[in-house]
Amino acid sequence: MGFPKLDYVSSAPDPWNNKFTHFDGNHDAKYWHGPIELEAGELLYSFVRGTKPEVVVETGTATGFSGLFLGCALRDNKFGKLYTIEFNTNLLARAKKRFEDENISQFVNAYQGNSEDFPEILHNLISKSTIPPFDTIDLLFLDADDGHDYKHTINEYNNFRNKFTIKMIILHDILSFPGPRQVFDEVKHDWKYSMILPTARGLGVLLNNE
Ligand SMILES: C[S@@+](CC[C@H](N)C(=O)[O-])C[C@H]1O[C@@H](n2cnc3c(N)ncnc32)[C@H](O)[C@@H]1O
């Protein structure tokens, strides 16, 4: 039960002192692939524990840092599945090893591919009965693309919205990259609730509570 076992300590800058920064290099180099802040991971864990999702989808697995928190929360809920996608095969292999080491592989399906295609990939997996059918994503966590390019993020967003009903979207790096922030500002009025959680790099939460 509880948070994943980690040898990673956050050195997040002070979010209340206008120090939102790109990944600042103070972290251990072996985690250089831009993992989310430890505190953001703890929040993701809490969201999953609190909202009890059946289907969680993540873009940008990297080495599985955020995936560990999402997967551990599903394990502690005792149900649900995380579907996550990563472009880079080496990073994906490291993530899968972490999921195995943490004993959460049964709660996590990790795929190699382009996150903009992930909605289509999931649809194909469902139509081939490779995964159980779903048309609703309870929690969608968007964290692909190291540069968090606006075009990439809005494509991901639109592609998911076109294929699935989504209850909650969390955009990462909303205070440290202009791309996700622009997407958040453009679409937030389409949602019943929206808010920014001021972690060091920011989480943008969009929520339809019907
Ligand atoms: C900011 S990191 C994700 C960090 C991760 N969520 C964590 O906490 O460990 C972004 C990741 O997205 C991956 N990526 C970049 N473009 C992508 C794409 N088009 N499709 C899938 N993954 C992509 C990168 O290889 C990188 O590992």
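Taken together, the values in this text are just the output of simple stated rules run on the coordinates, not laboratory data. Bear in mind that the values here come from a model prediction, so they are computed numbers and not experimental data. Backbone-built Cβ (ideal geometry, glycine too); neighbour counts: all protein chains shown.
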Handout entry: Alpha-carbon gyration tensor eigenvalues x 5, square-rooted, for the stretch 99-148, Å
Key = 19, 18, 11
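Fully extended, how many nm does the chain gain between Tyr193 and Ile126 (0.36 nm per residue separation, minus their Cα-Cα distance)?
On the way: separation 67, 0.36 × 67 = 24.12 nm, distance 2.97 nm.
Taking 0.36 nm per residue and subtracting the Cα distance, the gain is 21.2 nm.
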Completion exercise
Taking every other residue with Cβ under 13 Å from the Cβ of Leu139 and scoring Lys and Arg +1, Asp and Glu -1, one gets 0
Practice task
Take the alpha carbon atoms of the stretch 171-210, find their center, do the same for the stretch 42-95, and report the distance between the two centers in whole angstrom.
Solution key: 19
Problem - Taking the convex hull of Cα positions in the chain, its mean projected area over all directions (nm²) - result: 10.8
Completion exercise
For Lys5, counting only lysines whose alpha-carbon sits under 26 Å away and dropping same-chain residues fewer than eight positions off, the answer is Lys30, Lys52, Lys78, Lys81, Lys96, Lys97
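Starting from 0.36 nm per residue, how many nanometres of slack lie between Asn209 and Met1 once their C-alpha separation is accounted for?
The span from Asn209 to Met1 would gain 72.1 nm if fully extended.
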Problem - Dipole magnitude (debye, nearest 20) for the chain, charges at Cβ of Lys, Arg, Asp, Glu - result: 480
